Amino acid sequence: MSYPTGTLVFMSIRQRACPTVGSQLDVLTMHCSHARYVYNVGLEFRRLAYQHKLRFGHRDGYPDRVPGGGYVAQAAQLTEARREFAWLREGSTVVQQGALRDLDRAFANFFSGRARFPRFRTARDVRQGFVVRDLRLRRLNRRWGAVLVPKAGWLRFKISRQWSDLLACTSARVTVERGRWHVAFVCPPPVKRAPGTGAVVGIDRGVTITAATSDGELLHIPGLTAGERGRMIRLEQKLAAQPRAPRGSGQRSRRREATLAKITALRNRLAERRRDWIEKTSTDLASRYDRVAVEDLRTANMIRRAEPQPDPDSPGNFLPNGAAAKTGLNREISASCWNRLATRLHHKTEVTEVPAFHTSQCCNRCNRITDGNRESQAVFVCKRCGHEANADVNAARNIRDLAYRGVTLGRGTPAAARNTATPCDANLQTAS
């Protein structure tokens, strides 16, 4: 992940929050609903204004005839709406204005090419949240602190970082995900501290092996244990067999809610386990290597569903397109958390991204690309020179050579690059 020159990059310190059951929990839930509503209304107005501009340009009174505009104009519209609607006045103007700022930032990212067109938020989204500006903190004891949330009072959270780091933060975002509340404090990222050994490493990311390094390490992201997987399957089967409450009746199926709560607990455990692994792995790599090379992967394009294949001989029918296998592969790619690992490495050390083309088919010894070099997922045997290696480790070494040795895959032998030591890769002569 690369950022344009001059872009301000921030990081979050995420702490577990514990709202009190009752009024405080109801206010936090109300803030999430208001932030989502204001964001969606502002997005609809801007979408109409954007379509009007594409069609008519700045003629015909744009943007006066279309209720769009930027943050300032929409903040004024929000003030008028709060005067008219009492339910909107029950919420916090800070929270609602924060939603408009989020929308403004989303459009700025879209017009700069860093993101796609903003999408509407729904109540079915896994994560909901809102922004808290003018941050006020209070330390309760060694393990607990509190942040002041408008109209909700002091929200307690568990302290897992230095208190001085939290005091340096300028704003926060309160989020809820699968029933768990967190407070993410926004602060500038810390200075990257390299070990100073001159060591560099290449990392190849995969599905069976989550990450393989050019030094031969094979890293696997944790998942559910065998017992937990069996329990998850049984709970999902039980959920599918349980009847739903009639739609529109206002009733709830208590048995379904109890089963969903158990499934949610397992999913939370899996998410925390993977997040912990990513943090520890990225910190370990950043503490041992000055620079890290990774592939420039477009994960969003890789996990798109298979396109339908119309049958030319039978209009209206479709040919097999491998959708079931592609769905399984997409699920495994998402579970490997490739982007999250690369993002955390960017935050902690210097990262170089290289094109992923032919890194898995090129021999790291003779630097030739030959069909059939990769006999299986794990075995690499060069058809030209006979070099044998783990396929993922061979790809990681190609990534390292592309980034730091000026090697072009498939053109000549990289022997000179391997035998010529520089201050940054002197330690790699034995690793090849």
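Residues of region 306-362 that are touching a residue at least 12 places away in the same chain (Cβ under 8 Å), assigned to a strand (DSSP E or B) and surrounded by fewer than 16 Cβ atoms within 10 Å (Cβ to Cβ): 309, 350. Here is the figure for region 247-305: residues that are assigned by TED's automatic domain parsing to the domain that holds residue 399, part of a loop (DSSP other than H, G, I, E, B) and not hydrophobic (A, V, I, L, M, F, W, C) total 6.
When we screen 183, 174 for residues that are touching a Lys or Arg at 6+ places or on another chain (Cβ under 8 Å) and crowded, with 16+ Cβ neighbours inside 10 Å, the only hit is 183.
Only one entry in 236, 257 is in contact (Cβ under 8 Å) with a residue 12 or more places away in the chain, of a type in the set (Asp, Glu) and over 24 Å from residue 299 (Cβ atoms), namely 236. Out of 115, 123, 152, 81, one residue alone is buried (at least 19 other Cβ atoms within 10 Å of the Cβ) and either more than 18 Å from residue 29 (Cα to Cα) or in contact (Cβ under 8 Å) with a residue 24 or more places away in the chain (or both). It is 152.
Flag: residue 160 does not match the condition of being more than 14 Å from residue 17 (Cα to Cα), assigned by TED's automatic domain parsing to the domain that holds residue 24, surrounded by fewer than 20 Cβ atoms within 10 Å (Cβ to Cβ) and of a type in the set (Gly, Ala, Ser). Residue 142 fulfils the conditions (1) over 19 Å from the mean Cα position of the chain (by Cα); (2) surrounded by 18 or more Cβ atoms within 10 Å (Cβ to Cβ); (3) in a loop (DSSP other than H, G, I, E, B) except for a single criterion, (2).
On the given criteria, is residue 403 within 25 Å of residue 351 (Cα to Cα) and either free of Cβ contacts under 8 Å to residues at least 60 places away in the same chain or of a type outside the set (S, T, N, Q) (or both)? The answer is yes for residue 403.
The values are calculated or read from the model by the stated rules, or taken from the named source; none is laboratory data. This is a predicted model, so every value here is computed, not measured. So basically every Cβ, Gly included, is an ideal-geometry build from the backbone, and we count neighbours across all protein chains shown.
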